[in-house]
Structures are given as C-alpha cells and as structure tokens.
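K.L.:
I'd like to ask some things about the structure below.
Any read-out appearing in this document is the output of simple, stated calculations on the displayed coordinates, not a laboratory observation. Not measured: the values here are computed from a predicted model. Please note: Cβ atoms are built from the backbone with ideal geometry, for glycine as well, and neighbour counts cover all protein chains shown.
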Amino acid sequence: MSAQAMVHPGEKPHPQSREYVILAIILSAVTGIEVAAWYWEAIRALMIGGVVIDLLPPVLIVLSAFKFALVVMFYMHLKFDHRLFSGFFLFGLGAAGFIIVVFIALFHFLRAPFPVT
Amino acid sequence: MTEFAAAAPAHAPVVEETSTGLNTRKVLMWTFLGSECMFFGSLIGTYLVYRGRYLPGQLIPKDVFEIPYTSVSAFALLMSSLAMVLALAAIQRGDIKRLKIWLLVTAALGLIFLGGQVYEFTSFGAQGLNPNVSTFGTSFFVLTGFHGAHVSMGVIWLLSLFMLAARGQLNQARSLDVEIAGLYWHFVDIVWIIIFTVVYLIPV
C-alpha cells in the first residue's frame with residue numbers, strides 16, 4: 001500500500017505531513033489575530049462614514065468560519081474525498097444553521113419580557 | 001476493508017463492495033457528524049438566546065471569562081488536530097512508531113484542554129456561577145459540558161487506538177480505524193472553534 005490513503009473513484013489523494021504543518025501555522029496565526037482583535041478596543045467603535053460601528057463580531061465570525069473551513073476541507077479531507085461525504089456533513093451543518101436562526105428569531109420576536117417574575 | 005481494497009496498488013481507484021462504492025464505516029461516521037452538527041447547533045442556538053438573560057447582580061460573561069487562559073486551551077485543541085493528521089499520515093505510510101507518538105500527543109493535548117475546562121468550571125463555581133443561578137449559566141455549562149464530554153470520549157478512543165498499536169494490532173492495512181477516529185477528533189475541534197468565538201470572544 002502506498003503512503004497515501006486509499007483513493008476511491010471521485011476522490012483525490014490526501015495531503016502529506018508538510019501541508020498539514022503549514023495549515024497548522026495558518027490556523028495558529030488566525031487564532032492569534034482573533035485574540036488580538038478581541039484586545040483591540042478601537043475595533044468595537046470604528047467610525048465609518050460618520051457612523052460608529054462595532055466590527056468585532058463580524059471580523060470574529062469571518063475568521064472562525066475561515067478556520068472551520070480549513071479544518072473541514074484539509075484535516076477532514078472533504079476537499080479530497082467523495083462528494084457524498086460533503087453532502088452528509090453540509091446537510092447537517094445547514095440544518096444546524098437553520099436551527100440557530102429559528103431559535104434567535106423565535107425568542108427575539110416572541111420572547112416574554114425579562115426578568116420574568 | 002475488503003480484500004480487493006487492501007490489495008490495491010498505489011493511487012489505483014479502490015471500489016468498496018458496497019451499494020455506494022464507498023466504505024460504509026466512513027459513510028456512517030459522516031452521517032453521525034452531520035447529526036452532531038444539529039445537536040451542537042441546538043445547544044449553540046440556546047446559548048445565544050439565553051446568554052444575555054440574567055437578573056441584576058448576577059454574574060455575566062465578562063465577569064468570569066478569562067480570555068488569555070481560554071485562548072491557550074483553544075490553541076492546545078487546535079494543535080491536537082495537527083497531531084491527529086500526523087498520526088494518520090504515519091499509519092498510512094506504515095510508520096507505527098510515529099503513529100504511537102502522535103496518538104499520545106493528540107490524547108495529551110486533549111487532556112490539557114480537559115484539565116483547562118475542569119479548572120475553568122471550578123473557578124466559575126467559586127465565583128458563584130453554576131448551572132442553577134441563571135439561564136446564561138445553564139446554557140453555558142450545558143454547551144461547554146457536552147463539548148467536554150465529547151473530548152473525553154475522543155481521548156478514550158485515541159488511547160484505545162494507542163493500546164492496539166502497542167500490541168501490534170493496528171497496522172497499515174487498518175489505517176481507516178485511525179482516519180475515522182480522526183474525523184471525530186477534528187469535529188470536536190471545529191465545534192470548539194465556533195464555541196470559542198461565539199461564547200468567549202463575541203461580547204454580549
């Protein structure tokens with residue numbers, strides 16, 4: 001057997017150790033940027049076009065989505081494995097996103113006044 | 001793994017003797033991970049709904065969270081994913097010695113993460129935050145507690161694989177065993193990527 005994983009029809013060979021290490025360096029750097037952004041007070045009240053905007057949440061969401069995608073595509077090999085595996089995972093992920101949006105919408109529009117006595 | 005698959009030459013397409021042509025254990029694991037997405041999605045959604053709900057005088061996230069400390073835990077879990085793929089690469093090239101080393105490193109990093117979580121929960125408890133005091137406390141402990149339980153299961157799984165390798169029962173032909181354990185471990189990692197951002201970094 002080769003150093004590669006078995007390759008099924010519709011799949012590509014997996015990355016090797018060097019690529020995995022490079023990816024870990026990128027992931028570490030992005031985590032560092034996330035924490036640095038958290039400490040950077042100015043990002044929470046940036047003046048853009050005369051409007052004060054808190055850019056921290058969107059920046060953190062984009063960075064964590066980037067990390068999430070890298071791990072799923074390269075460490076979990078979804079970029080290289082059969083598309084059926086992506087289908088199973090993305091269906092669950094889409095359902096999870098839907099659940100979160102529904103929860104927030106439900107409790108935002110229909111929630112009881114708080115604190116409840 | 002079928003006999004045909006085990007005897008396949010390098011890079012030759014391997015067709016499993018299943019209705020999909022894919023390995024059923026791997027299909028099962030991906031289906032399981034899809035269902036786990038929904039499980040953690042519901043817990044994260046619940047936390048997002050309740051995290052801002054507490055009575056005056058109750059502890060709030062910014063009172064108790066220690067971002068530098070949690071960042072180190074997050075980094076340990078992230079690096080455990082690297083160790084996991086290096087373990088997989090080792091067994092795929094038949095290097096059982098390195099496989100054992102990387103499995104132990106992965107499990108050790110998982111244990112560091114768990115130790116951090118135990119310290120954090122103990123610290124929060126000492127400050128007065130527990131699952132009973134507020135809906136924020138309940139949703140926080142349920143979400144992070146379930147994640148910690150998943151990490152614990154992953155550590156047990158990794159140590160079981162290490163024992164098999166030490167006994168000579170895990171070899172190159174059984175690399176799928178490590179790959180499937182790796183899928184689970186990476187999933188636990190990506191869930192923490194979301195939790196670290198949503199729970200710890202994004203302010204209420």
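K.L.:
May I ask you to list the residues of segment B:18-47 whose amide nitrogen lies under 19 Å from a point 7 Å from Cα along the Cα→beta-carbon direction of B:VAL64?
P.N.:
Output list for this probe position: B:43-47.
K.L.:
Segment B:60-83 to segment A:41-84: how many Å between their Cα centroids?
P.N.:
17 Å
K.L.:
Which one, B:VAL142, B:LEU103, B:VAL199, projects farthest toward the positive side of the charge dipole computed for chain B from Cβ point charges (K/R +1, D/E -1)?
P.N.:
Among B:VAL142, B:LEU103, B:VAL199, the one farthest towards the positive end of the dipole of chain B is B:LEU103.
K.L.:
Output the Cα-based Rg and Dmax of the protein assembly as shown in Å, rounding Rg to one decimal and Dmax to a whole number.
P.N.:
21.3, 70
K.L.:
Debye sum, Cα scatterers, segment B:75-204, no solvent: what log₁₀ I/I(0) at q = 0.10, 0.20, 0.21 1/Å?
P.N.:
So the normalised log intensities are -0.37, -1.04, -1.12.
K.L.:
When Cβ neighbours within 10 Å are restricted to other protein chains, what is their mean count per residue of peptide A:84-91?
P.N.:
Counting other chains' Cβ atoms within 10 Å and averaging over A:84-91 gives 6.
K.L.:
Let me have the 222 nm mean residue ellipticity of chain B computed from DSSP H runs of 4+ only, each contributing -39500 (n - 2.57), with the sum over all residues rounded to the nearest 500.
P.N.:
-25000 deg cm²/dmol, from helical runs alone.
K.L.:
Quote the Stokes-Einstein diffusion coefficient, in whole µm² s⁻¹, for segment A:25-117, based on the Kirkwood radius over alpha carbon pairs, a temperature of 25 °C and a viscosity of 0.890 mPa s.
P.N.:
148 µm²/s
K.L.:
Once both labels are modelled 7 Å past Cα along the beta-carbon direction, what's the B:TYR119-B:THR18 spacing in nm?
P.N.:
So the two model labels end up 4.2 nm from each other.
K.L.:
Hey, what do the phi angles of segment B:115-126 turn into as Karplus ³J(HN,Hα) couplings, whole Hz, using 6.51/-1.76/1.60 and θ = phi - 60°, x for Gly and Pro?
P.N.:
x, x, 5, 4, 4, 4, 4, 5, 5, 4, x, 5
K.L.:
Can you compute the modelled spin-label distance between A:ALA65 and A:TYR39, with each label point 7 Å from Cα toward Cβ, in nm?
P.N.:
2.7 nm
K.L.:
Same structure again: At a Förster radius of 51 Å, what calculated FRET efficiency corresponds to the Cβ-Cβ distance of A:ILE104 and A:LYS12, to the nearest 0.05?
P.N.:
0.85
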